[in-house]
1. Could you please let me know if residue 221 is in contact with an Asp or Glu (Cβ under 8 Å, 6 or more places away or on another chain), closer than 27 Å to residue 266 by Cα and free of Cβ contacts under 8 Å to residues at least 40 places away in the same chain?
2. Restricting attention to the stretch 235-259, which residues are open to solvent by less than 20 Å² (accessible area, probe 1.4 Å) and among the polar types (S, T, N, Q)?
3. Scan (1) buried (at least 18 other Cβ atoms within 10 Å of the Cβ); (2) farther than 24 Å from residue 61 by Cα for the single condition residue 232 breaks and write down its number.
4. How many residues are open to solvent by less than 70 Å² (accessible area, probe 1.4 Å), within 24 Å of residue 162 (Cβ to Cβ), among the polar types (S, T, N, Q) and part of a loop (DSSP other than H, G, I, E, B) when one looks only at the stretch 46-64?
5. Scanning the stretch 26-35 for residues that are out of contact with any strand residue (DSSP E or B) (no Cβ under 6 Å at 6 or more places or on another chain) and part of a loop (DSSP other than H, G, I, E, B), which turns out most open to solvent (accessible area, probe 1.4 Å)?
6. Restricted to the stretch 90-108, and to residues that are of a type in the set (A, V, I, L, M) and more than 19 Å from the chain's Cα centre (by Cα), which residue is modelled with the highest pLDDT?
7. Residue check, residue 73 against (1) assigned to a loop (DSSP other than H, G, I, E, B); (2) in contact with a Gly (Cβ under 6 Å, 6 or more places away or on another chain); (3) under 21 Å from residue 39 (Cα atoms); (4) not small (Gly, Ala, Ser), all met but one. Which one?
8. Just need a number here: residues in the stretch 191-224 that are among the charged types (D, E, K, R) and either closer than 18 Å to residue 65 by Cα or open to solvent by less than 80 Å² (accessible area, probe 1.4 Å) (or both).
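The values are calculated or read from the model by the stated rules, or taken from the named source; none is laboratory data. Nothing here was measured: the structure is a model prediction, and the numbers come from that model. Reconstructed Cβ throughout: ideal geometry from the backbone, glycine too, with neighbour counts over all protein chains shown. Accessible surface is based on the protein model in full, side chains and every heavy atom, while ligands, DNA and RNA are left aside. Shrake-Rupley method; radii C 1.70, N 1.55, O 1.52, S 1.80 Å.
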Amino acid sequence: MAELNVNIGNLPLKNPVMTASGTFGYGIEYADFMDISRLGGIFVKGTTIQPREGNDYPRMAETPSGMLNAVGLQNKGADYFAEHIYPEIKDIDTNMIVNVSGSSVETYVECAEKIAELDRIPAIELNISCPNVKQGGMAFGVTACGAAEVVKAVRKGYRTLIVKLSPNVTDITEIAKAVEAEGADSVSLINTMLGMAIDAEKRKPILSTITGGLSGPCVKPVALRMVWQTYHAVKIPIIGLGGISNWKDAVEFMLAGATAIQIGTYNFVDPTVSIKVIDGMNDYCDRHGFKSVKELIGALDISR
């Protein structure tokens, strides 16, 4: 068997397969389907400093080869997480990573500091696709300055800092370089793409918010391209996600430059997909003579 362990900065993973925030609950919801401790890590659902009700229904829509969501970061807040969720998940034998969101630099920092008090949370994933209310609702992650500002502020108070990048930008490498310069230990990409769905009979948008985040297999080619571009632009590890539904997809992301991967939307199709991906990646390494999965990182051969 190949060695499957990898590192995201100083954070060791038993294997490169993790689950994406918002698609795997707090991990315990999937414990009846599989041994969740086999995962390299679990990114729990987005957490904000204050409770959020989320957007009005309908806020999800199926699309060809994917789905749209506009849940709106519904959660009970950082205090509730610390008091009620954390005790249930802290002893799971894998990396439990919290996705942190905010509407201002101050709320990002406050939430990150609250999570930093929890000993068994080794990393946070900073979701900079959130709207900055002080700048008219523009997401932090769509400008290099906005991304750098929030990363610099949060960096002061956290250990392993992963920054989740938005694909809804002109050049994702500029954003990646900006957060790397401010101390990000890793970047994860891509977050959902902006899309919409329309009910032709009613002549109305399906989502209450009109637009929402597109995910699933349909976004994979874009995600692969952005991971490959970012790999050649920064030196910090990349966590690749976007449309991964099997081991082959995961291998492709690592060949493009990802050190690890997250599986998101496909958890709704097959709750055990992540375990199948771990086994499939191991088999791939054995068949191709790789002693370690690390040999796959950036090993794409572009010669003709």
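1. no
2. Selection gives 259 alone.
3. Unmet for residue 232, out of (1) buried (at least 18 other Cβ atoms within 10 Å of the Cβ); (2) farther than 24 Å from residue 61 by Cα: (1).
4. The qualifying residues number 1.
5. My answer is 32.
6. 92
7. (3)
8. Result for the stretch 191-224: 2.
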